[in-house]
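For reference, the structure discussed in these notes is given below.
Only the coordinates and a few stated rules stand behind these numbers; no lab work does. Everything numeric here is computed off the predicted structure, so don't read it as measured data. Virtual Cβ from ideal backbone geometry, glycine too; neighbours counted across all protein chains shown.
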Amino acid sequence: MSTTKAGTAAADSKSFDIVATYNELLRSDPDITMPIAAIEALVHVLTHCPSSTISETLDLLEKSTAHLKRSIPNPIGLSAGTDLFQRYLITTLQRPGQLGPAGDFKAIRTHLLSNGRLFIRRAKESRQKIAAFGRGFIRDGCTVLTNGGSRAVASLLQKAADEEGGPSAVRFRVIYVLSSMSKNIEEPSGEPEGMETVRALRAKGVPVATIPESAVAYALGKTDMIIVGAEGVVENGGIVSRMGTYQIGLLAKAIGKPFYVVAESHKFVRLFPLGQYDLPIEQHVVDFKSADDIAEEKKRKQQTLDVGNGDKPVELPLSDSVDFTPPHLISALITDSGVLTPSAVSEELIKIWF
Amino acid sequence: MADSSDMAQTNLPVIASTQAQTTATGDHPTSQVTQSLPIREAKSTKTPTSADNVNAKKNVAPKPSMSTTDGPTVAGGEKPLTPAELKKKAKAEKAARRAKEKLAKEGGAGAAGSPASGAPQGRPPVTPKKDASGASMAQKAQRATHTRRGSAPTGHGGDEPVKKEDKSVAVFGHLYGQPRRTTIAGAGKEVHPAVLALGLQLRDYVVCGSSARCVATLLAFKRVIESYTTPLGTSLSRHLTTHLSHQITYLSTCRPLSITQGNAIRALKLAISSIDPSTPELSAKATLCEFIDNFIREKITVADQVIAASAAQKVQDGDVIVTFAGSSIVKQTLLSAHKQGKRFRVSIIDSRPLFEGKNMARALANAGLDVQYSLVHGISHAIKDATKVFLGAHAMTSNGRLYSRVGTALVAMSAKERAGGVEVPVIVCCETVKFTDRVALDSIVVNEIADADELVSAQSAQQLTGVTDPVAPSKPDNKKGGKGASNAAKPATLASDLETSSSPLSNWKDNSNLQLLNIMYDVTPAEYVDMVVTEMGSLPPSAVPIVHRMTE
């Protein structure tokens with residue numbers, strides 16, 4: 001009985017395309033982060049597919065999560081969200097009382113959905129909280145070096161710039177490292193990630209210098225601190241972030257400048273990479289080729305164009321590749337639950353999971 | 001290890017793949033290495049030894065006084081005792097106890113190890129160690145003076161003969177305590193036969209390794225509980241703890257208790273004290289036995305499976321995994337990674353005198369893994385092509401440091417500070433039952449000293465194969481071809497000579513200038529550990545106290 005139900009539920013979830021929903025959410029709302037989009041997509045799944053038992057709900061959730069993770073080239077960020085949501089569901093369902101396993105399932109379900117939405121709203125607000133915590137780090141006359149297109153960093157810098165509007169604002173300068181890799185191959189002339197933030201800061205009267213990645217070491221002498229964003233914060237307190245962050249971290253350590261990471265606490269992932277090549281994603285950054293290989297690849301590309309895109313495994317575009325910055329390079333993590341040392345991240349994660 | 005010339009020079013790494021294993025039973029290549037060591041020592045120490053004999057003669061007079069303070073149980077333990085001897089022994093024990101109490105008082109803390117202590121709820125096995133940290137300052141200061149006097153080069157004329165007899169290494173002086181029990185004679189009548197047997201097994205390293213010791217202790221205690229009857233006029237929850245503490249005291253005289261044993265005993269005592277006094281004895285005993293079974297299953301058996309599964313995920317194709325000595329959980333991890341079809345090599349680094357890695361090498365090679373076995377002095381070779389280091393643990397302290405078999409810190413450091421700068425991750429596999437709230441800053445304050453005589457014998461106490469002297473007969477043809485045959489033959493005969501007589505260190509106790517240190521554990525700084533795999537998940541070492549707090 002229950003198996004047939006689960007089967008129909010799975011079929012329902014197939015008809016409801018979670019991947020499309022996820023991508024749509026990310027596209028429609030520029031402020032949303034990957035874990036939150038994943039949670040929102042999962043809430044959508046739950047609302048669209050009626051389930052009547054707890055195990056059915058969990059099963060549906062697990063299947064959609066697995067499906068979503070398979071179809072996205074870099075599932076590190078979103079897995080933080082899906083894990084968190086699943087954990088939250090399980091703890092809610094295990095709690096004794098009206099909403100526990102003994103209670104009325106319909107009530108549980110509506111409670112879950114409404115709380116899921118509440119969770120999403122709170123997560124969106126967390127960026128403001130981070131900006132409030134991190135504001136104190138930026139002082140008059142200091143120069144901040146940053147990179148990538150992190151919205152948390154952008155909101156922090158902007159908050160510091162327009163503190164109570166005009167005169168009381170912090171007078172600081174920003175060195176913005178712009179990625180040389182263009183966002184997509186179709187439009188190579190497109191502006192690099194982060195230009196929007198640069199414009200916004202300049203509009204607020206903050207002097208901004210833009211430098212290429214190769215000039216980081218050169219520019220670090222004029223820098224007082226480095227603030228970067230993160231895609232995921234892993235269990236040992238290191239971060240998974242846009243390619244190039246690791247080298248900035250290494251340089252900062254070598255030159256002795258503080259290296260701060262701005263990340264929402266829903267980006268904490270249950271993942272423990274031991275090094276650069278221990279991430280659970282496929283990326284071909286270092287790709288050895290000889291002339292023969294290039295010729296063969298060209299031929300194959302022609303063929304696939306002729307045949308049309310079959311079920312090729314999803315591959316991470318080079319511009320979206322990430323690297324891992326180990327915890328010993330990080331001075332502090334500015335999160336919505338406070339300013340943490342890297343070793344406190346595991347404590348936070350353990351608190352969530354046990 | 002392609003360059004054989006390198007191997008010939010250093011005599012070190014021995015490849016024991018499945019193929020080479022048949023030869024390993026015949027003539028043990030590793031024992032060759034170990035036995036070639038005394039030869040060199042013999043040569044270099046020859047003159048000092050003869051000189052020391054003179055010294056020893058000088059010291060004949062004070063020698064008996066030493067045996068009264070220090071080694072009466074060792075001396076009188078082996079043969080059946082006459083009543084007179086028993087009396088003498090009891091007297092000596094009392095004297096030793098008094099001396100120890102005096103020492104403890106001087107140290108400012110009561111490290112009373114006497115079995116008759118009236119506090120059943122305390123943890124007698126743990127207290128001496130624990131107090132050691134508190135009392136260490138005073139004791140260390142006291143010992144420091146010893147060192148200064150002892151190490152003064154001119155000071156060994158005829159002054160202070162009493163100090164000379166002290167065969168304990170000054171820095172570790174606080175760790176010596178009473179010598180380990182060598183017999184079950186003199187054990188209290190309350191001690192259960194299963195516990196008596198276990199004590200001797202622990203002492204002889206038959207049961208070795210902190211998880212194994214914990215399990216064995218719990219199983220023995222289960223039998224104690226099964227055969228226990230509450231005396232009249234008292235209740236089980238009150239009396240059983242005292243009864244158990246007799247057993248525990250006996251065990252701790254055989255070998256200092258491990259952290260796991262301490263944690264398990266604490267949990268068991270808590271379970272006993274939480275039993276309602278009105279519970280009938282039979283059901284209370286059943287509850288306790290069930291508690292023990294659950295504890296073993298949850299904290300060790302299942303935990304090991306979970307750890308092995310999650311640590312095996314970190315093994316990747318093409319890895320060269322270095323491990324030290326013989327951790328059962330690392331063995332399990334590597335075997336399960338092998339079962340998953342991963343292709344990797346294992347390099348086991350082992351050390352004297354326990355040779356725990358031999359069992360591991362045998363087991364892994366039998367399972368079809370490529371195994372390289374070398375001793376700890378070959379570490380720079382073994383670490384050269386390592387990609388990951390897996391370590392077992394005796395305990396993890398609250399400051400994230402790893403307390404494990406001596407030599408572990410060296411392996412971790414070699415991996416982290418390898419020339420070339422390529423980082424090799426160091427992964428520790430450790431059940432949460434091994435976590436302790438103690439803090440270790442160095443490996444001096446808390447440690448364990450084993451019998452120094454273990455270092456003396458050339459033949460290890462726990463050899464896998466009972467081969468009688470593999471060196472002498474097969475030596476000439478087995479020696480590497482590159483070296484001159486005459487050169488090789490000469491030490492071989494010398495070795496067999498030594499073998500028949502004894503190790504050059506055999507009468508080290510008579511030599512006033514010679515001290516042997518057989519330390520059991522060392523402390524690996526948290527910076528050298530990347531990851532601790534526990535049954536609760538993978539953690540950085542800094543998260544150890546948090547998890548410990550949660551599992552308490």
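As a rough footprinting exposure proxy, the listed residues B:Lys189, B:Lys222, A:Lys301 were ranked by other beta carbons within 10 Å of their own, and the order from fewest upward is B:Lys189, A:Lys301, B:Lys222.
Listed cross-link partners A:Lys159/A:Lys204; A:Lys69/A:Lys129; B:Lys167/B:Lys509 are compared with a 18 Å cut-off, the Cα-Cα value being larger for A:Lys69/A:Lys129. A cut-off under 10 angstrom between Cβ atoms defines the neighbours of B:Glu535, and their net charge, with Lys, Arg +1 and Asp, Glu -1, is -2. For the pair B:Ser457 and A:Phe16, label points projected 7 Å from Cα toward Cβ lie 7.2 nm apart. The length gained by stretching the chain between B:Glu527 and B:Leu232 to full extension, at 0.36 nm per residue less their Cα-Cα distance, is 100.6 nm.
Ordered by the number of other Cβ atoms lying within 10 Å of each residue's own Cβ, fewest first, B:Tyr205, B:Tyr373 fall into the sequence B:Tyr205, B:Tyr373.
Would you mind checking B:Lys269/B:Lys434; B:Lys299/B:Lys434; A:Lys222/A:Lys253; B:Lys342/B:Lys388; A:Lys351/B:Lys299; A:Lys289/B:Lys388 for any pair whose Cα atoms are more than 19 angstrom apart? Correct reply: A:Lys351/B:Lys299; A:Lys289/B:Lys388.
Quick one: if the Förster radius is 56 Å, what FRET efficiency do B:Ala90 and A:Lys253 give, using the C-beta to C-beta distance and rounding to 0.05? Efficiency for this residue pair is about 0.30. Fully extending the segment from B:Arg223 to B:Val439, taken as 0.36 nm per residue of separation minus the present Cα-Cα distance, adds 74.4 nm. Estimated from the Cβ-Cβ distance and a Förster radius of 22 angstrom, the FRET efficiency linking A:Ile90 and A:Asp29 is about 0.20. Applying 1/(1 + (r/R0)^6) with r as the Cβ-Cβ distance of A:Arg202 and B:Ser274 and R0 = 60 angstrom yields a FRET efficiency of 0.30. Placing a pseudo-label 7 Å from each Cα along the Cα-to-Cβ vector at A:Val285 and B:Arg418 gives an inter-label distance of 2.0 nm. Once both labels are positioned 7 Å from their Cα atoms along Cα-to-Cβ, the gap between A:Ala217 and B:Leu282 label points is 8.0 nm.
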